Number of protein chains: 2
Amino acid sequence: MLTLFHHPMSSGSRYTRLILGEYDVEVELIEERLWHRRPEFIALNPACTLPVLLAENDLPVIGATIIAEYLDETRGALKRSRRLLPESPAERAEVRRLVEWFLVKFENEVTRHLARERVFKLQMAADMGGSSPDSTAIRAARNNIRQHMKYVEWLAATRDWLGGYHPSYADMAAAASISILDYLGEIDWNEWRAGRDWYSRIKSRPSFRPLLTDRIRGLAPVAHYGDLDF
Amino acid sequence: MLTLFHHPMSSGSRYTRLILGEYDVEVELIEERLWHRRPEFIALNPACTLPVLLAENDLPVIGATIIAEYLDETRGALKRSRRLLPESPAERAEVRRLVEWFLVKFENEVTRHLARERVFKLQMAADMGGSSPDSTAIRAARNNIRQHMKYVEWLAATRDWLGGYHPSYADMAAAASISILDYLGEIDWNEWRAGRDWYSRIKSRPSFRPLLTDRIRGLAPVAHYGDLDF
């Protein structure tokens, strides 16, 4: 069985788990807390980032978008209509652009700040000191959510799925990021009708189920987090 | 002819130009200064990042790694031994890991700070105010160069090319970043024997020539910048 080093509040990790789920790849999950800088983990990935997939023959495949390309080449290419990257280079470029939007831009402007301040610092505090959340960083990240959700709303309102006519890596990347914020109660769904409809469709996919049972000790999700009909 | 929006001191832009050169794709270059936030450019790329390739039918392909995948699918796949991504999924993952290393990690720890403080602020000052370079940021970035050059040295000493047996996207990404630092005189080549040998091989490729004639007004490159035998 393959092994995935991940963290439940890392958007790249969630993205990878969704893809593995969509392609029915069984995987053993190992939760990695990067701030421990485990030597065995750094030997696998000198950049000390998540996620890392131990693929066939224990080959380490490093980083969410790289794992996604690897899975497209080794799994997706055989999936026909269930493939999560379209066939044409132009459509593939559009899907990849959106993946980068969520896993890099949205990540740097919103997700990683809220994950660090509200989750990682809590976990660090429990096992190695840590510090209290920085309310300025939290406020700045929260201020950026609206612009991104507006973009999601526009994509959801004008396309069948965020990346085009079919579910794609773009939906998985967006849902991975948004589900972390949703766990933390950071999304006001009343504002986003098309976005909410899209998210509820993604959330209902079997690949999403394991994410809905993720729990952070000491930080329960909002009440509607696991609801398919929220 | 295709069009590339780029900046001579953006590593992703240089990476793309090297690939286009390797694949003999003629391209018109338009220098984009992101801080102007040109509405026409933002219409092409709402994330307002470089590079952007206007490909066939004026399709905007956005971001260095995404352009690289697009060019692999539309050009590289037909190039046989001159293809810059290997054939096997495992080797492709290793090349992509190194590309991400240079265009994300090295970029965030070194290149973008030095480009911003030493080049962009100079250009901003000339056309819209700007501020003086932040010497703390420069010092911090400089402190990180050594670790990365050690890694380049190790890769160059243990492999034929950085990503394996053949020239690949990994070499182009590393050379793109390092050539910016070299322009700025930030690399002490005496320290890195294998790295220097590798860089001189890359620098001698015809695809590299246009980069060696890049000039920033008011900031001449170090004397050896254009030398193939430095």
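Summary of values
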read-out	value
Filtered residues of the stretch B:37-81 (kept if of a type in the set (D, E, K, R), more than 16 Å from residue B:7 (Cα to Cα) and modelled with pLDDT of 95 or more)	B:40, B:69, B:72, B:73, B:75
Subset of the stretch B:81-104 that is open to solvent by 50 Å² or more (accessible area, probe 1.4 Å) and charged (D, E, K, R) - its residue that is nearest to the other protein chains (Cβ to nearest Cβ)	B:100
Residue check, residue A:18 open to solvent by less than 20 Å² (accessible area, probe 1.4 Å), within 23 Å of residue A:183 (Cα to Cα) and either free of Cβ contacts under 8 Å to residues at least 12 places away in the same chain or assigned by TED's automatic domain parsing to the domain that holds residue A:186 (or both)	no
Leading residue by the ranking (farthest from the other protein chains (Cβ to nearest Cβ)) among those in the stretch B:107-132 that are farther than 29 Å from residue B:97 by Cβ and crowded, with 16+ Cβ neighbours inside 10 Å	B:122
Residues of the stretch A:50-59 that turn out to be at negative phi and surrounded by fewer than 18 Cβ atoms within 10 Å (Cβ to Cβ), as a count	2
Residue satisfying condition, being buried (at least 23 other Cβ atoms within 10 Å of the Cβ), at negative phi and not assigned by TED's automatic domain parsing to the domain that holds residue A:167, within set A:67, A:42	A:67
Pick from the stretch B:1-15, criterion more than 26 Å from residue B:201 (Cα to Cα) and of a type outside the set (Val, Ile, Thr), ranking: most open to solvent (accessible area, probe 1.4 Å)	B:1
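The values are calculated or read from the model by the stated rules, or taken from the named source; none is laboratory data. The model shown is predicted, which means the values in this text are computed figures rather than measured ones. Ideal geometry is used to build each Cβ from the backbone, glycine not excepted, and the neighbour counts take in all protein chains shown. Ligands, DNA and RNA are excluded from the accessible area calculation, which covers all protein heavy atoms including side chains. Shrake-Rupley method; radii C 1.70, N 1.55, O 1.52, S 1.80 Å.
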